[in-house]
């Protein structure tokens with residue numbers, strides 16, 4: 001459990017928060033349920049595509065990041081949700097055997113004008129493979145209760 005509150009996020013902070021290895025079965029299982037495009041289900045179909053081989057869905061990458069966020073710092077924090085995602089970029093394919101590192105940079109942090117007990121932290125998330133290549137970025141504000149407000153509600 002992270003116990004992080006709004007005050008724990010400082011602009012400029014860069015934090016690695018999760019690691020995961022993705023298998024061929026992971027890619028095919030996710031695609032079978034959620035994104036059954038041929039390049040996500042079959043190596044030969046992937047080779048015939050512009051991606052050159054079996055690749056994980058971009059939505060699979062987003063789900064891996066979300067799980068990493070929960071395990072890495074959201075669960076047990078004062079998170080109050082998010083107003084949405086500003087941008088997702090899939091920069092390189094997700095491949096079987098990729099060893100992923102997830103990190104965030106705090107771009108800004110401010111107290112909400114309409115709800116002063118809440119702070120809004122603007123994050124840039126990166127998913128990086130074992131070769132040091134950034135394969136996905138996500139620009140995402142997340143709301144956190146401020147510590148004194150969270151403690152008062154306990």
Q.
Condition check: free of Cβ contacts under 8 Å to residues at least 40 places away in the same chain and either over 15 Å from the mean Cα position of the chain (by Cα) or under 24 Å from residue 26 (Cα atoms) (or both). Does residue 112 satisfy that?
A. yes
Q) In the set 61, 136, 69, which member is within 25 Å of residue 21 (Cβ to Cβ), out of contact with any strand residue (DSSP E or B) (no Cβ under 6 Å at 6 or more places or on another chain) and surrounded by 14 or more Cβ atoms within 10 Å (Cβ to Cβ)? A) 69
(Q) Restricting to segment 72-82, name every residue that is at pLDDT 95 or above and either part of a loop (DSSP other than H, G, I, E, B) or exposed (fewer than 15 other Cβ atoms within 10 Å of the Cβ) (or both). (A) 75, 77, 78, 80, 81, 82
Q) Could you list, in sequence order, the residues of segment 90-111 that are more than 28 Å from residue 44 (Cβ to Cβ) and either at pLDDT below 95 or loosely packed, with under 14 Cβ neighbours inside 10 Å (or both)? A) 108, 110, 111
**Q.** Qualifying positions in segment 1-52 - within 20 Å of residue 127 (Cα to Cα), in contact (Cβ under 8 Å) with a residue 60 or more places away in the chain and assigned to a loop (DSSP other than H, G, I, E, B)
**A.** 9, 11, 12, 13, 22, 23
Q | segment 23-44: number of residues that are in contact with a helix residue (DSSP H, G or I) (Cβ under 7 Å, 6 or more places away or on another chain) and either closer than 13 Å to residue 95 by Cβ or at pLDDT below 95 (or both) | A | 4
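The values are calculated or read from the model by the stated rules, or taken from the named source; none is laboratory data. No experiment lies behind these values; they were computed from the predicted model shown. Virtual Cβ from ideal backbone geometry, glycine too; neighbours counted across all protein chains shown.
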